[in-house]
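Heads up: the structure comes next, in structure tokens.
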Amino acid sequence: MVRFLLLSLFSLSISASQSINKDVIAELNDMIMGDSATQALIVSHNGKILLEEYGEGYNKTDFVTSQSIAKAFYAVLFGVAIEKGLLNELDEPIKNYLPVWKDDERGEITIRNLLEMKSGLYRSESWNEEMFLSSNNLDFALNVELVNKPGELFEYNNVNTALLGPVIEQIFNASPHEVLKKEILEPLEITDYGLWKDHALNDVTFHGIDMAPIDFIKFGQLYAQNGIWNAQQIINKQFLEESIQPISEGPGEFYGMHTSIRKITETKRLLVKEGFNGQYLFVIPEHDLVVVKFTKYLHNRDNGYVISLGPMDYLLWLPFSWLKAIGEAFAGDGEASTEETGDGGINMPATMSVKDKFNCPNTTTDKCPPVQKMQDLVFGLVEAED
């Protein structure tokens with residue numbers, strides 16, 4: 001029997017009728033589309049698109065990239081597994097799925113620990129973003145040391161999501177990408193997408209989903225519709241509700257299972273899936289509101305979806321902060337490359353730099369005024385009517 005930690009920190013009442021504040025949606029549009037780095041802004045309410053804007057040179061079919069928003073896509077696959085009867089217990093130790101850790105203390109980490117970002121595995125100052133620059137992301141993750149007791153300390157860590165990949169593969173007997181396609185993308189009728197692999201051809205799970213902005217709206221609606229799409233229960237309802245409860249408290253947010261809860265009142269919550277360099281998916285499930293905002297994407301899809309660092313392979317001895325700066329300089333404020341990426345070329349999901357406007361890593365939202373303002377506007381979009 002699946003054990004769910006049903007938290008009752010607050011009671012939510014859904015208004016019988018809601019309306020969109022026209023002044024707020026206009027201000028949100030001006031703020032986000034006033035930034036030259038913005039590629040897309042979409043607002044959906046009750047399943048209807050109320051606002052759909054694209055930056056100069058882009059249209060609705062152009063891909064955006066998820067960055068860390070992808071983490072939520074792979075996390076909900078455990079809710080799919082529960083719904084299908086493939087998984088009974090989130091508190092199952094991952095040694096049951098990772099034979100290499102069968103006799104290792106890290107094997108006692110549970111699926112729940114990974115989903116809640118409480119694995120106890122070492123986290124660098126950059127949340128183990130160094131893994132992105134490793135040729136084999138899975139090997140990197142499997143070699144991270146245990147430094148805290150699992151289940152006790154919340155720390156956002158890319159390694160946790162990377163380790164979900166092989167667990168998903170064992171549960172479904174298929175690769176993480178194949179499972180994502182079959183269980184999420186196909187039911188949502190998403191047919192055009194790119195899923196990134198690392199240089200060793202491992203399926204990447206902690207970032208790397210490319211598709212049209214409107215398709216991220218569809219994914220957000222799963223949270224607003226209790227995991228249901230076209231009258232089909234895709235994600236287990238209890239799992240989904242637990243995943244958006246404020247289980248832990250981090251800098252400027254509460255955290256559930258691969259979901260950030262940035263604002264809470266007696267009647268609504270603001271769920272946030274955030275990706276590096278200004279990618280955002282907002283959901284207010286109580287009001288069936290979904291908003292996406294994406295930064296201009298610079299990748300040429302003809303180059304494929306296998307990460308290649310090209311000349312940077314020879315610079316991996318440098319400090320990570322230097323490498324990150326070099327990588328960002330390649331993206332910079334330029335346009336998408338139209339050249340084929342050969343064996344010596346760089347191929348990665350790079351976006352235009354938003355500098356500090358909508359991207360304030362390693363800090364809280366109260367120290368990042370643009371992000372705080374954007375969240376306030378999204379949270380104020382829906383007004384309850386008497």
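Bear in mind these aren't lab numbers, they're just calculated from the coordinates by the rules spelled out. As the structure is a prediction and not an experimental result, all values here were calculated from the model. Here the Cβ is made from the backbone with ideal geometry for all residues, glycine too, and neighbour counts use every protein chain on show.
Pairs over the 21 Å Cα-Cα cut-off, from the set 273/296; 237/268; 237/273; 263/296; 60/296; 118/296: 263/296; 118/296.
Packing, as the average of other Cβ atoms within 10 Å across residues, places the peptides 199-211, 27-39 in the order 199-211, 27-39, highest first.
Sorting check: for 147-157, 217-227, which peptide has the highest mean count of neighbouring beta carbons within 10 Å, and how do the rest follow? Kindly include the intermediate steps, with their values, before the conclusion.
Numbers: 147-157: 15.8, 217-227: 21.5.
Put in order of decreasing packing, that is 217-227, 147-157.
Label-to-label distance for residue 61 and residue 147 is 4.8 nm, based on points extended 7 Å past Cα in the beta-carbon direction.
The Cα-based radius of gyration and maximum Cα-Cα distance (Dmax) for the range 186-239 are 13.2, 39 Å. Taking a ≥ b ≥ c as the square roots of the eigenvalues of the Cα gyration tensor of the range 95-249, is the shape rounded (a/c under 1.5), prolate (a/b larger than b/c) or oblate? Cα axes put the range 95-249 in the prolate bin.
Kirkwood hydrodynamic radius (Cα pairs, Å) of the range 214-321? Here the Kirkwood hydrodynamic radius works out to 16.3 Å. Highest mean packing comes first when the peptides 87-96, 278-287 are listed by Cβ atoms within 10 Å, giving 278-287, 87-96.
Overall, the range 31-154 carries a charge dipole of about 320 debye about its Cα centre when +1 sits on the Cβ of Lys and Arg and -1 on the Cβ of Asp and Glu, all other atoms neutral.
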